[in-house]
């Protein structure tokens, strides 16, 4: 009985302490040329050749596909999600309107 109460209390504490990961942008402007292109070249272009240019990426950003697959679902790249640092850069870049340079 005491074991069950302890397990339930622990589960409740863990559930309450969980929260959605929030992105904190450091205030610096993220641009495609300076911050995002290298991530996309290394992780996306081999399968998504349309991402080899800013206009190809921006088209996917504008229709919501890029954010949905890379950020929300984290289904891309296929071999595993991007690092937390790269995801944060991309999230901040998207929040800033996805500027080219």
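Here are the numbers for the structure shown:
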quantity	calculated
For a label point 7 Å along the Cα-to-beta-carbon line of residue 42, residues of segment 80-101 with backbone N under 16 Å	80-91
Full-stretch length increase - residue 49, residue 28 - with 0.36 nm per residue and alpha-carbon distance subtracted	4.7 nm
Reference-scaled alpha-carbon Rg (2.2 N^0.38 Å with N residues) for segment 27-101	0.97
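Readers should treat all values here as calculations from the given coordinates under stated rules, not as data from a laboratory. This is a predicted model, so every value here is computed, not measured. Please note: Cβ atoms are built from the backbone with ideal geometry, for glycine as well, and neighbour counts cover all protein chains shown.
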